[in-house]
Amino acid sequence: MAAPRLLLPKVQGFPPLFCLPLIWRNGTAERPGHGLVEKDPKFADMHGFANPARFLRLARWLMPLLLGVGLVLAFGALAWGLLVVPPDRLMGQTVRILFIHVPCAWLGMAGWSTIAVSSLVELVWRHPLAAIAARAAAVPGAVFTALCLITGSIWARPTWGTWWVWDGRLTSYLILLFLYFGYIALAGAAQRDAAAGSGASRVTAIFGMVGAINIPIINRSVIWWNSLHQPASITLGKSSIDGTFLWPLLIGALGFSCIFGGVVLARMRTLLADIQAEARLRRKAMA
Amino acid sequence: MSAIKAKHQRLVLLVIALAALIGAGLLAAWALSKQASYFYVPSDLVAHPPEQGRAVRLGGMVQRGSIKTMPDGVTITFVVGDGKATVPVRYAGITPDLFVEGSGVVAEGRMEGATFVADNLLAKHDEKYVPREMKDMTQAQAKAVVAETK
């Protein structure tokens, strides 16, 4: 029995991102044993989408489809919410901010969930596209988180009588935005260091998973602690939002989610193209 | 050692690490449960009264029929309750739009005697969103109206 292999980042390792040019040229990784596309056909099937060429074929038509459908749904739902829906019994017209605020809040958390799951897949299966998906989700996730905080603040001024309070929900959501900033900075630094083979990509993935602790805390914050923010209106199978407001909200959320998915795919394509261009330059420099 | 075994080992290690981290996070959040609350409810305040003059927040429902304007025209008094206990509140200033009887409020201030003197009022919105036309109806009535107009 060999000595157990521990989960220590390999300093002179094999950064997953570096494998991409190899896979690109041959369809399979030339170096086996790294959980990429193994030569064994069984693994080739399991990791079909580790092949960037296949992923790109899919993304080429899926990305414009998601963006198109998302824009139509989101703008339709926003027009419905802004022009058709009646004012709320207490908040009046202010209720209309709900149709942007709530989808943004969901997607801010969905963005970090994407990062966390992709990071897990990257660390366990060394799946190269997972690393790219995690990095691609960071900026759109941060944008939705910031939009949620801004729209929430605008809503809070007339409703609560204050722009900001340090209650559990608002504070934990602000921490999510700071986590995004940290993740984006760390991923950028890791990309620069990757050329030195530092294995920094794995540090980014570990940060992505550790940061996921904040997601259940955000979700539970209004239940654990007395907070000024109201508890969830929509829980599984139940809603205390009247149907008049609920339908444009749900359709808007679906539309925003499609836009989010489309942007993530577009950013993944960009990141892949960057890696490819860099690999070509390196080959040319060596030749 | 084959590649599969290494993969599974990574998965098991990561799951254990994650479980430990989430456990630690939840324990920390649970330990914060008293300190991280944004306000006290009336029954907390009655059971464990804070020192006189110490700045605290009080949150609860404004009792129906309890808002009274004092002769000076700016000072109001009302009663905040949580179903178990009530605390009388005095406040001088402009109230937020959503400050109405029967809805939630968070008052910042201090205890003076048995009265809570507020420096600032925040309206607390509940999780219900209802159009104006249906505000006085019960849910069954509102559903009937919606069915009729369809």
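The values are calculated or read from the model by the stated rules, or taken from the named source; none is laboratory data. Just so it is clear, the structure is predicted and the values come from calculations on it, not from any experiment. Glycine gets a Cβ as well: all are built from the backbone with ideal geometry, and neighbour counts include every protein chain shown. Note: accessible area is taken over every heavy atom of the protein model, side chains too, but ligands, DNA and RNA are not part of it. Shrake-Rupley method; radii C 1.70, N 1.55, O 1.52, S 1.80 Å.
Table for the structure above
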| read-out | value |
| --- | --- |
| Protein accessible surface hidden between A and B, which excludes ligands and nucleic acids, total in Å², probe 1.4 Å | 4300 |
| Label-point separation in nm, residue A:84 to residue A:286, each point 7 Å along Cα→Cβ | 5.9 |
| Rg/Rh for the stretch A:149-192, where both radii come from Cα atoms and Rh is the Kirkwood radius | 1.20 |
| Extended-chain gain in nm, criterion 0.36 nm per residue less alpha-carbon gap, residue A:146 and residue A:178 | 10.5 nm |
| Per-residue mean of C-beta atoms belonging to partner chains within 10 Å, peptide A:107-119 | 0 |
| Cα Rg, Dmax (largest Cα-Cα span) when computed across the stretch A:219-287, Å | 22.3, 67 |
| Whole-Hz couplings from phi, Karplus 6.51/-1.76/1.60, listed for the stretch B:43-50; x for Gly and Pro | 5, 4, 5, 6, 6, 10, x, x |
| Full-stretch length increase - residue A:71, residue A:276 - with 0.36 nm per residue and alpha-carbon distance subtracted | 70.8 nm |
| Full-stretch length increase - residue B:28, residue B:48 - with 0.36 nm per residue and alpha-carbon distance subtracted | 4.8 nm |
| Residue mean of other protein chain beta carbons inside 10 Å, B:53-61 | 1 |
| Partner chain coverage, peptide B:117-126 - average Cβ within 10 angstrom | 5 |
| Computed FRET value (nearest 0.05) for residue A:164 with residue B:100, which takes r as the C-beta separation and R₀ as 25 Å | 0.60 |
